[in-house]
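One structure below.
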Amino acid sequence: MIALFDTLTGFIDRIAERGSRRLALGSSRRSFLARSGTALVGGMLLPALPFDRTFGQALAAVGAVDDPTACEYWRYCALDGNLCSSCGGSVSQCPPGAEISKVTWVGTCRNPADGKDYLVSYNDCCGRAICDNAPFCNSNERERPGYRMGLHNDINWCMANTSQGYHCTVAALVGIAE
């Protein structure tokens with residue numbers, strides 16, 4: 001019985017030794033370090049991949065281009081925030097009790113009805129608690145990086161008001177873009 005056990009362990013040792021030698025011949029410490037480094041750097045880049053800032057909200061129906069209470073309304077092409085038209089205000093006016101921000105960002109949106117480009121002033125409405133029952137819209141057409149303040153929509157524009165609490169956002173037409 002002991003002889004059979006010694007034979008079996010010797011056989012397993014030879015198989016393990018052959019496998020180890022093949023692995024050592026086919027790879028080096030440098031290749032191991034290179035693969036490990038690639039996996040480490042690749043793992044660090046995963047959080048930098050695109051992510052969904054709409055928090056899983058589904059897109060509205062196709063006819064929403066004419067609906068001012070839907071994120072797909074043409075004036076909202078550069079809007080980032082809650083719609084005042086769903087919070088008691090309108091497309092261009094804040095709800096009662098909220099005041100319009102003193103600073104703003106401007107976007108250029110194309111009206112599909114007449115094919116013209118319009119300058120749209122996006123103003124945050126300040127002074128009330130955030131409007132939770134409104135859809136959160138995040139459209140970033142022609143948005144510029146954060147260091148170009150007037151062309152960036154991810155800023156709380158209520159910062160110049162006495163009450164800096166954000167409530168919702170309106171999209172007022174300024175004129176036709178030339």
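The values are calculated or read from the model by the stated rules, or taken from the named source; none is laboratory data. Here the structure is a predicted model, which means the values were calculated and not measured. With ideal geometry, Cβ positions are generated from the backbone for all residues, glycine too; neighbour counts draw on all protein chains shown.
Here the range 66-125 is the region considered, the condition is being assigned to a loop (DSSP other than H, G, I, E, B) and within 20 Å of the chain's Cα centre (by Cα), and the residue that is nearest to ALA171 (Cα to Cα) is LEU79.
Mind listing whichever residues of the range 76-116 are touching a Leu at 6+ places or on another chain (Cβ under 8 Å) and either surrounded by 22 or more Cβ atoms within 10 Å (Cβ to Cβ) or outside the structural domain of ARG128 (by TED's automatic domain parsing) (or both)? Answer for the range 76-116, where residues must be touching a Leu at 6+ places or on another chain (Cβ under 8 Å) and either surrounded by 22 or more Cβ atoms within 10 Å (Cβ to Cβ) or outside the structural domain of ARG128 (by TED's automatic domain parsing) (or both): TYR76, TRP105, GLY107.
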